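Below: the structure, in structure tokens.
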Amino acid sequence: MPEVDTPPTIAEIFDKARKAAAEDTTPTKGKNRHVFIVTPGRMLMLQPCPAPGTMNPHAVESIEKIMSSKTKRNVAVIAYTELRALQANLAHAIPFFGLISGLAYIGHSVWIFEGHSSALAFGCRDADLVIADGAMVQFLQNDWLAIASNAMRRPLIFAHDRATFQLRRLYPTVEK
């Protein structure tokens, strides 16, 4: 877990990120959609998605199977967002950024943050889906699933496994 700033305006920072992601409408005239990243220093970064019409159709189809674009959803992602790591190599810091970018590309509102206890409820507020980097889960507080699911609109939480590049459902649990 990176060291984080805990400003008294943290709720406002995440409100701004959610609002910006929601207003990032379907691109026209070559304008890209964006993924919004809240850094541990509480700076809001925009990371552009691929240009409209340029994403591989098979990749888009795979992303549509995860979450259809027919209903626009809010997606919160818990991942390593330390600024220097993102600037040095985004794909190394967040290996599944292609998936995240794809969700925004097809129209969903997507924001990423590190999942620190001071930001967890604010970062998950109003999300329909949370995807946590499996490598970050060990750094989250013990009751993070309860806090995240209570803050969400429609709680659905997955962990991304870096080794298998698969999503594993964490909440609600699936009966076997």
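What about SER101, is it under 18 Å from SER68 (Cβ atoms), of a type in the set (S, T, N, Q) and not in a strand (DSSP E or B)?
yes
Could you say whether any residue in the stretch 140-149 is on the phi < 0 side of the Ramachandran plot, under 14 Å from the mean Cα position of the chain (by Cα) and of a type outside the set (Lys, Arg)?
Yes, that holds for at least one residue.
Find the residue count for the stretch 38-91, including only residues that are in contact (Cβ under 8 Å) with a residue 24 or more places away in the chain and either in a loop (DSSP other than H, G, I, E, B) or at positive phi (or both).
Of the residues in that region, 18 qualify.
Can you report the number of residues in the stretch 106-127 which are in a helix (DSSP H, G or I) and touching a strand residue (DSSP E or B) at 6+ places or on another chain (Cβ under 9 Å)?
Initially, the stretch 106-127 is screened for residues in a helix (DSSP H, G or I), giving 120-124.
Next cut, touching a strand residue (DSSP E or B) at 6+ places or on another chain (Cβ under 9 Å) only: 120, 122-124.
Of the residues in the stretch 106-127, 4 are in a helix (DSSP H, G or I) and touching a strand residue (DSSP E or B) at 6+ places or on another chain (Cβ under 9 Å).
Take the residues in the stretch 124-155 that are farther than 24 Å from LYS19 by Cβ and polar (S, T, N, Q); name whichever of them is surrounded by the most Cβ atoms within 10 Å (Cβ to Cβ).
So, considering only residues that are farther than 24 Å from LYS19 by Cβ and polar (S, T, N, Q), the one surrounded by the most Cβ atoms within 10 Å (Cβ to Cβ) is GLN141.
Find the residue count for the stretch 65-82, including only residues that are closer than 19 Å to LEU170 by Cα and among the small types (Gly, Ala, Ser).
2
Any read-out appearing in this document is the output of simple, stated calculations on the displayed coordinates, not a laboratory observation. Model, not experiment: these values are computed from the prediction. Every residue, glycine as well, gets a Cβ built from its backbone with ideal geometry; the counts of neighbours run over all protein chains shown.
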